[in-house]
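Undergrad: Okay, here's the structure, questions in a sec.
Values quoted throughout were computed directly from the atomic coordinates according to the rules given, and no laboratory measurement underlies them. Note that the coordinates shown come from a computational prediction; the quantities given were computed from them, not determined experimentally. Here the Cβ positions follow ideal geometry from the backbone for every residue, glycine too, while neighbour counts run over all protein chains shown.
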C-alpha cells in the first residue's frame, strides 16, 4: 500500500513568505550597511569631493565656458555680414516713374546685402583680443576659486580633527575628575577630608562636563560645515578619517615667493585685467579713425510675391552692385577724446592694483612661512609641557592618596594636563592650517598636504 502525503497550500505559502521576509531583511541589511559605508573621506578625499561638487565651483566653471563662447562670438566679427529684406506695399493707384508704372494693386520688393569691414581703426581686432583675454581671466578665476575651496575644505577638515581632539581631551578630563571625586568622597566618608574638598571636586567636574558639551557641539558644527562645503545633505552619514600630524616643511622663503609669483592665479588675473583695460583704450581710440567697408547689394521688385517684375515695367526689375565706402566722424565735441582719457585712467588704476596684489602676495607668503616656523616650535614646547603636566598630575594624585598632598594640588595639576593637551592640539592644528595656507599662497594645489619628506 502506498501512502501519498499531502501538504496544505497554506503551509507552502507560509514557508515561501518566511523565506521572502528573510531574503528582503538580509537585502535591506546589506543595503543599509552599504549606505553606511558610502562616504569614508580623508583630507584628500574631502578636498576632491569639494572641488567636484561645490556649487561655487560649478558656477565659476560655467562662467569660464561662457567666456569661451564670447571669444568665438568676437571672432565672427572678422567675417562678412549678410542682410536680407522683403517687403509688401498696397498701392491706391499707379505710381509713375520715369518710363514705367508699377502695379496698381500690389508692390513687392526684395533686397540682399553683404558687408565686409575693411578697416575699423583696430576696433574688431582689439575686441577679439579683449574677449580672448577675458577667457584667460575666467580660466585663472577657476584656478583661484579652486585654491580658495581647497583652503576652506582643508581648514574645516582640520578644524573637525581639532574639535575631536578637544572632545577626547575633555572626556579624559571628566574621567580624571570623576575618579578624583570618588577618592575625595571616600576620604570624606571616613572623616579624613573636609566637605570642602568634595565641593571643589564637584565644581571642577561640572565645569569639565560643560567643556565637554561645548567640544561635542563644536564637532557637530564642523561636521555640518564640511557637509555644506562638500555639497552633501546635512543628515548624510559620512565618516571623516585622519589625525593631526606634524609634517616637516623645509622649502626656503625665496623659493616659496618665486613659486607664488609664477603660479598664483590672482596675480595672473590682475595682469589680464590691465591688458583688458589697454584693449578698451584701443577700442575707444578707434573712433578717431575712418571706417572703411565693402558692400555687395542686390534688389528686385514686382507685382507678385516673387518680386520678379510686372507687365507695366519696361526696364529690368532687379539689379546688383559692388562698392567700397568710407565714413569718418572726425569731430564730436571732445566725446572720444575724453572717453580715451577715462580709459587711460582705468589702465593706471588697474596697474596700481596689480602692484598692490603682488605686494599682498609677498606678505601672505612671508606671513605663512613665519606661522609654520612658529607652530613647529610650539609643537615641540607643548609636547614637553604635556609630558611634565601628566607627570605632575600623577605625583599630585599619589601625594593626595598618601595624605601628604592637598585637593587643590590635584585639581590644579589636572587643569594643567587639560590645558597642555589643548595647547598641543591647537599647535598641531595651527601647523597644518599654516601648511594649507602657504601652499595656497604659492598657487599650488596640495589636497593631502604632503611635504615630500
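Undergrad: What is the fewest-to-most order of 341, 176 by other Cβ atoms lying within 10 Å of their Cβ?
TA: Fewest-to-most ranking of 341, 176: 341, 176.
Undergrad: Please state the shape class of region 381-427: rounded when a/c is under 1.5, otherwise prolate if a/b exceeds b/c and oblate if not, all from the C-alpha gyration tensor.
TA: prolate
Undergrad: Nearest 0.05, what FRET efficiency do residue 289 and residue 106 give at R0 = 60 Å with Cβ-Cβ as r?
TA: The pair residue 289/residue 106 has a calculated efficiency of 0.85.
Undergrad: Answer with a single label: of (i) 44.1; (ii) 56.0; (iii) 50.2, which was calculated as mean projected area of the Cα convex hull in nm² from the structure in view?
TA: (ii)
Undergrad: Now a separate question. Could you state the principal axis extents of the C-alpha atoms in region 209-299, from the largest down, to the nearest angstrom?
TA: Result for region 209-299: principal-axis Cα extents of 88, 49, 23 Å.
Undergrad: Kindly provide the helix-only [θ] at 222 nm of the chain, computed as the sum of -39,500 (n - 2.57) over DSSP H runs of four or more divided by all residues, to the nearest 500 deg cm²/dmol?
TA: My calculation for the chain gives -24000 deg cm²/dmol from helical runs alone.
Undergrad: First check a/c for region 300-353, with a ≥ b ≥ c the square roots of the eigenvalues of its C-alpha gyration tensor; if it is under 1.5, answer rounded, and if not, answer prolate when a/b is larger than b/c or oblate otherwise.
TA: Prolate shape, in that a/c is at least 1.5 and a/b is the bigger ratio.
Undergrad: Continuing with this model, one more query. If each residue's Cβ is checked for other Cβ atoms within 10 Å, how do 325, 126, 46 rank with the fewest at the top?
TA: 325, 126, 46
Undergrad: Next question, about the same structure. Which of rounded, prolate or oblate describes region 354-453 when judged by the alpha-carbon gyration tensor and an a/c cut-off of 1.5?
TA: Prolate shape, in that a/c is at least 1.5 and a/b is the bigger ratio.
Undergrad: Modelling each spin label as a point 7 Å along the Cα-to-Cβ direction, I'd like the residue 172/residue 362 distance in nm, to one decimal.
TA: Output for this residue pair reads 4.5 nm.
Undergrad: Just the number, please: percent antiparallel of the DSSP beta bridges in the chain, rounded to the nearest 5.
TA: Taking every DSSP beta bridge with both residues in the chain, the antiparallel ones total about 90 percent.
Undergrad: Another question about this same structure. Kirkwood Rh over Cα pairs of region 107-236 into Stokes-Einstein at 37 °C, 0.692 mPa s: D in µm²/s?
TA: In µm²/s, the coefficient is 154.
Undergrad: Please give the FRET efficiency for residue 224 paired with residue 345, using the beta carbon to beta carbon distance and R0 = 60 Å, rounded to the nearest 0.05.
TA: 0.80
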